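Colleague: One structure is given below, represented as structure tokens, and several questions about it will come after.
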Ligand SMILES: NC(=O)c1ccc[n+]([C@@H]2O[C@H](COP(=O)([O-])OP(=O)(O)OC[C@H]3O[C@@H](n4cnc5c(N)ncnc54)[C@H](OP(=O)(O)O)[C@@H]3O)[C@@H](O)[C@H]2O)c1
């Protein structure tokens with residue numbers, strides 16, 4: 001246990017922060033070393049500061065940790081950030097300047113051309129931009145981001161298709177869970193018996209982040225992909241799991257069987273490396289007429305797999321299907337921990 005790499009969690013008392021705490025408490029390579037939150041929580045025991053929301057109990061080793069204030073000195077070099085974006089921007093830069101290796105869930109730095117927006121199955125090669133990041137920004141640490149939760153699901157489903165056929169156009173309509181808004185999130189009176197056709201900033205993220213992730217890395221720079229994404233984002237009264245209805249124009253002719261085979265055959269570097277948080281199958285094709293379903297499939301692959309199904313022809317764009325993934329695991333804490341595992345194996349945490 002003692003040779004595990006210590007890690008701190010910023011925003012540790014929030015929805016995503018609790019998933020980090022839970023993952024790190026049981027991780028073979030990283031250990032939970034420090035928890036950081038707002039002035040409301042600083043100075044308290046984690047168990048007293050945090051309204052624990054996960055069904056598994058709060059890990060014993062977290063209970064007695066004293067919550068540190070933002071910008072506190074941290075002995076852990078690895079820092080996972082689950083801060084709100086308006087706070088994360090400057091704080092994450094501050095920690096990167098101080099030599100910390102920051103893995104952020106916030107949107108603040110995602111579209112910075114020197115910051116990798118990583119989903120290890122999709123664009124593990126983009127981690128190489130960190131050398132340029134450090135050189136150009138002069139930081140001894142670095143910042144790595146993971147995508148917005150709905151972009152994470154979409155890009156995981158699109159990557160097998162991009163590899164096999166290329167992509168020309170993507171249209172996506174989401175049904176996003178309430179936990180995506182953090183805790184306490186929306187008031188129950190706003191969301192019970194309701195669907196809200198607006199999530200601030202979400203459509204712009206879904207239309208830009210996949211292009212960065214599905215782009216290339218060459219000559220020390222990231223180059224976005226050049227297809228178009230159009231997104232409708234809706235909040236619905238589910239607790240966890242973002243369901244997405246996707247229509248796609250592929251870059252080459254392909255039958256539905258070809259597309260199904262591309263989903264089935266899909267695997268990537270995290271699976272080859274057997275990274276601890278990587279699901280055995282990153283994309284799971286369901287063939288039942290009514291799957292994937294939010295409640296039944298959101299925890300597939302321990303919340304790290306993307307389930308796809310209802311694959312059929314689209315009379316407008318070519319093919320269409322439904323994709324589903326966990327916003328809190330693949331779309332947040334699990335994705336970020338997987339990024340850190342990838343960078344450890346690549347020698348970037350030394
Ligand atoms: N929820 C998701 O599914 C999801 C998915 C992907 C990405 N994200 C992103 O992850 C981040 C965290 O989201 P969340 O859903 O976990 O939010 P949340 O439940 O509202 O938690 C926010 C956390 O940040 C802390 N915090 C708030 N204001 C602070 C301040 N001024 N200084 C220091 N700490 C502060 C809170 O501490 P206190 O308890 O002390 O207030 C809490 O620990 C956001 O950037 C979000 O966009 C969320």
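Colleague: Only one of (1) in a helix (DSSP H, G or I); (2) crowded, with 24+ Cβ neighbours inside 10 Å fails for residue 163. Which number is that?
Modeller: For residue 163, the exception is condition (2).
Condition check ((1) more than 16 Å from the ligand (Cβ to nearest atom); (2) under 20 Å from the mean Cα position of the chain (by Cα); (3) loosely packed, with under 15 Cβ neighbours inside 10 Å; (4) assigned by TED's automatic domain parsing to the domain that holds residue 339) across all residues:
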{"position": "242", "(1), (2), (3), (4)": "no, yes, no, no"}
{"position": "251", "(1), (2), (3), (4)": "yes, no, no, no"}
{"position": "261", "(1), (2), (3), (4)": "yes, no, no, no"}
{"position": "281", "(1), (2), (3), (4)": "yes, yes, no, no"}
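Colleague: Shifting gears a bit: Given (1) surrounded by fewer than 18 Cβ atoms within 10 Å (Cβ to Cβ); (2) within 16 Å of the ligand (Cβ to nearest atom); (3) not assigned by TED's automatic domain parsing to the domain that holds residue 283, where does residue 186 come up short, assuming only one miss?
Modeller: (3)
Colleague: Further, regarding this structure: Just give me the residues in the range 281-308 being free of Cβ contacts under 8 Å to residues at least 40 places away in the same chain and in contact with a strand residue (DSSP E or B) (Cβ under 6 Å, 6 or more places away or on another chain), in sequence order.
Modeller: Across the range 281-308, the qualifying residues are 284, 285, 286, 291, 300, 305, 307.
Per-residue answers, yes or no, for (1) in contact with a strand residue (DSSP E or B) (Cβ under 9 Å, 6 or more places away or on another chain); (2) under 16 Å from residue 24 (Cα atoms):
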position	(1), (2)
56	no, yes
59	yes, yes
69	yes, no
76	yes, yes
80	yes, yes
86	no, no
90	no, no
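Colleague: Give the range 189-207 a look and list any residue that's assigned to a helix (DSSP H, G or I), touching a strand residue (DSSP E or B) at 6+ places or on another chain (Cβ under 8 Å) and exposed (fewer than 15 other Cβ atoms within 10 Å of the Cβ), or say none.
Modeller: First, the residues of the range 189-207 that are assigned to a helix (DSSP H, G or I): 189-191, 202-207.
Still in the list and also touching a strand residue (DSSP E or B) at 6+ places or on another chain (Cβ under 8 Å): 190-191, 202-203, 206-207.
Across the range 189-207, the qualifying residue is only 190.
Colleague: Just to be sure before I move on: is residue 327 modelled with pLDDT of 95 or more, within 17 Å of the chain's Cα centre (by Cα) and not in a loop (DSSP other than H, G, I, E, B) in the structure I sent?
Modeller: Spelling it out, it is not the case that residue 327 is modelled with pLDDT of 95 or more, within 17 Å of the chain's Cα centre (by Cα) and not in a loop (DSSP other than H, G, I, E, B).
Colleague: Same structure, new question: In the range 1-29, which residue that is under 17 Å from residue 329 (Cα atoms) and away from the ligand (no atom under 14 Å from the Cβ) is surrounded by the most Cβ atoms within 10 Å (Cβ to Cβ)?
Modeller: 24
Colleague: Filter the range 30-43 down to residues that are assigned to a strand (DSSP E or B) and near the ligand (Cβ under 9 Å from one of its atoms) and give me whichever is surrounded by the fewest Cβ atoms within 10 Å (Cβ to Cβ).
Modeller: Ranking the candidates gives 37 first.
Colleague: Does at least one position in the range 87-103 carry a residue that is crowded, with 21+ Cβ neighbours inside 10 Å, in contact with a helix residue (DSSP H, G or I) (Cβ under 7 Å, 6 or more places away or on another chain) and free of Cβ contacts under 8 Å to residues at least 60 places away in the same chain?
Modeller: Within the range 87-103, one or more residues are crowded, with 21+ Cβ neighbours inside 10 Å, in contact with a helix residue (DSSP H, G or I) (Cβ under 7 Å, 6 or more places away or on another chain) and free of Cβ contacts under 8 Å to residues at least 60 places away in the same chain.
Colleague: Something else about it: Wholly within the range 44-155, which strands (runs of 3 or more DSSP E) include no fewer than the required count, namely at least 1 residues that are closer than 20 Å to residue 18 by Cα, within 16 Å of the ligand (Cβ to nearest atom) and over 23 Å from the mean Cα position of the chain (by Cα)?
Modeller: 67-69
Colleague: Six or more apart or on different chains, Cβ atoms under 6 Å: show the pairs whose first residue is in the range 20-44 and touching a residue at least 60 places away in the same chain (Cβ under 8 Å) and whose second is in a strand (DSSP E or B) and within 15 Å of the ligand (Cβ to nearest atom).
Modeller: 20/9; 20/80; 24/32
The values are calculated or read from the model by the stated rules, or taken from the named source; none is laboratory data. What you are looking at is a predicted structure, and each value in this text was computed from that prediction instead of being measured. When we count neighbours, we look across all protein chains shown, and the Cβ atoms used for this are built from the backbone with ideal geometry, even at glycine.
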